[in-house]
1. Among the residues of region 55-71, which ones are loosely packed, with under 13 Cβ neighbours inside 10 Å and under 22 Å from the mean Cα position of the chain (by Cα)?
2. Restricting region 73-109 to residues that are open to solvent by 70 Å² or more (accessible area, probe 1.4 Å) and among the aliphatic types (A, V, I, L, M), which is farthest from the chain's Cα centre (by Cα)?
3. Checking ALA28 against (1) out of contact with any Pro (no Cβ under 8 Å at 6 or more places or on another chain); (2) modelled with pLDDT of 95 or more; (3) not charged (D, E, K, R), only one condition comes out false. Which one?
4. Among the numbered conditions (1) within 20 Å of LYS106 (Cα to Cα); (2) out of contact with any Pro (no Cβ under 6 Å at 6 or more places or on another chain), tell me where ASN48 comes up short.
Amino acid sequence: MRATTLIATLALSGGLIGAGAAIAPAFAQSTAPAATPATATAPAAQSNWLSIKDVLGKLEAAGYTDFREVERDKDKYEVKATDPQGQRVKMDVDPVTADVLKTEVKRSK
C-alpha cells in the first residue's frame with residue numbers, strides 16, 4: 001500500500017511539474033507596453049529626417065543666408081544664420097518639415 005501511495009504521489013507531482021513547465025512559457029511571453037502619451041508625442045524617427053543639405057536649402061528659399069553652424073540634436077536641428085532682415089539668429093528647425101520652431105536674435109548687422 002505504501003508503494004502504491006508513493007508511486008501515485010510521485011506521478012501526480014511529476015504531472016503537475018510537467019504541466020507547469022509546459023504552461024510557464026505562455027505566461028512568460030513579453031508584450032510591448034501600450035502607447036503612452038509620452039511615446040505618442042515622441043520626436044520623429046531620425047530615418048524620417050531631412051538631410052542637413054535639404055534643410056539648408058529650404059531655409060535658403062525662405063530668405064536665410066550666411067549659415068554659420070548646424071547641429072543635429074535629438075529632436076531638432078539647431079542652425080545659426082542670417083535672417084531675411086539681416087539679423088544673426090539661432091533657430092530650432094523641425095527635422096522633418098524644415099519649419100522654424102523657434103528663433104533667437106543674436107545680433108543685428
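1. The answer is GLU71, and nothing else.
2. VAL105
3. Among (1) out of contact with any Pro (no Cβ under 8 Å at 6 or more places or on another chain); (2) modelled with pLDDT of 95 or more; (3) not charged (D, E, K, R), ALA28 violates only (2).
4. So ASN48 meets the others, but not (1).
The values are calculated or read from the model by the stated rules, or taken from the named source; none is laboratory data. Computed from a predicted structure; not experimentally measured. Heads up, the Cβs are rebuilt from the backbone with ideal geometry, glycines too, and the neighbour counts pull from every protein chain shown. These area figures cover heavy atoms from the full protein model, side chains too; ligands, DNA and RNA do not enter into them. Shrake-Rupley method; radii C 1.70, N 1.55, O 1.52, S 1.80 Å.
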